[in-house]
Amino acid sequence: MHAEAVEADLGWALGAVFRGYLRATEEALAGLPGGPRGYQVLTSAARCEPTRQLAMAHRLGVDRTVMTYLIDDLENAGLVERRPDPADRRARLLSATELGLARLDEANRAMRAAEDHVLGALDPRERDRLRGLLRKVAVAVAEPTNPCAVVQEAAALDGTR
């Protein structure tokens, strides 16, 4: 198969971009407990009302045992806190701390730099267009209640997670 034929294949292109994105984001988030998954948890804890731990695990597509370890690590770093749910004492509500919000700002800047690196071959208009098109396709193929599962399924298929 000629190189041009491989490069014209959608699967090859998506895989190459995805692997580059994973490398860049893992490097960008290396100092954050849980890396990219920890970033998803911290982002959810910061942008939502305090959320039950199990509900967040389902929404992010993270196994509840893995979620417990992620939250333990984030909590030990002072980035999130668990509080008893007043509606159900067995459940815990998760929210970001002030330190967590500050670290999230740093992580967001690092993620933007990683994305700029991955999309470096495109000018700003092309980047915006690509993001819009990818979002449109992702929404069309993703489970409506769990868009984060798409990334995890792809990582599992790729063997990177």
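The values are calculated or read from the model by the stated rules, or taken from the named source; none is laboratory data. These figures come from a predicted structure and were not determined experimentally. Here Cβ is always computed from backbone atoms with ideal geometry, including for glycine, and neighbour counts include all displayed protein chains.
List the residue pairs whose Cβ atoms are under 7 Å apart, where the first residue sits in the stretch 85-101 and is under 12 Å from L42 (Cα atoms), the second is of a type in the set (D, E, K, R) and surrounded by 14 or more Cβ atoms within 10 Å (Cβ to Cβ), and the two are 6 or more positions apart or on different chains.
As it stands, the answer is L94/R82; S95/E81; T97/E81, since those pairs meet every condition given.
Give me a count of the residues in the stretch 75-106 that are in a helix (DSSP H, G or I) and either modelled with pLDDT under 95 or touching an Asp or Glu at 6+ places or on another chain (Cβ under 9 Å) (or both).
Taking the stretch 75-106 as the starting set, the residues that turn out to be in a helix (DSSP H, G or I) are 75-76, 98-106.
Narrowing the set further to residues that are either modelled with pLDDT under 95 or touching an Asp or Glu at 6+ places or on another chain (Cβ under 9 Å) (or both) leaves 75, 100.
So the answer is 2.
Hey, R112 hits all of (1) more than 14 Å from R37 (Cβ to Cβ); (2) surrounded by fewer than 14 Cβ atoms within 10 Å (Cβ to Cβ); (3) touching a Leu at 6+ places or on another chain (Cβ under 9 Å); (4) not acidic (D, E) but one; which does it fall short on?
(3)
Just give me the residues in the stretch 20-61 being in a loop (DSSP other than H, G, I, E, B), touching a residue at least 40 places away in the same chain (Cβ under 8 Å) and aliphatic (A, V, I, L, M), in sequence order.
Scanning the stretch 20-61 gives L29, L32.
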